[in-house]
Amino acid sequence: MKKNKKNKKQYLKYISNSGSGHFYIFKKRKNYVLSIRKYDPIFKKHYIYKYEK
């Protein structure tokens, strides 16, 4: 009989370069990027978020 494999989802954490400490978490996809431009609610502006392991 086959064993039931647990589907472990991997997540990516992107941290803001603004220094606010804000971060986004996304599910890992096939083609992910190392940096994204998203809204930082602490400074109320768009900043670049970099991937952190």
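A short reminder: the numbers here are calculations on the coordinates, not readings from a lab. Since this is a predicted model, take the numbers as computed values, not measurements. In this analysis, Cβ positions are derived from the backbone assuming ideal geometry, glycine residues included, and neighbour counts consider all displayed protein chains.
Quote the Stokes-Einstein diffusion coefficient, in whole µm² s⁻¹, for the chain, based on the Kirkwood radius over alpha carbon pairs, a temperature of 25 °C and a viscosity of 0.890 mPa s.
For these conditions, the coefficient is 195 µm²/s.
Report, in listed order, any pair from LYS8/LYS28; LYS8/LYS50; LYS6/LYS53; LYS30/LYS53; LYS6/LYS50 with a Cα-Cα distance greater than 19 Å.
LYS8/LYS50; LYS6/LYS53; LYS6/LYS50
For a quick protection proxy, order the peptides 25-32, 40-47 by their average other-Cβ count within 10 Å, most packed first.
40-47, 25-32
Return the sequence-ordered ³J(HN,Hα) values of the range 19-28 in whole Hz as given by the Karplus equation 6.51 cos²θ - 1.76 cosθ + 1.60 applied to θ = phi - 60°, using x for Gly and Pro.
Along the range 19-28, the couplings run x, 7, x, 6, 8, 10, 10, 10, 6, 6 Hz.
In whole Hz, what ³J(HN,Hα) sequence does the range 33-41 give by Karplus (6.51, -1.76, 1.60; θ = phi - 60°), x for Gly and Pro?
Ordered by residue, 3J(HN,Hα) equals 9, 7, 9, 9, 10, 9, 7, 9, x Hz.
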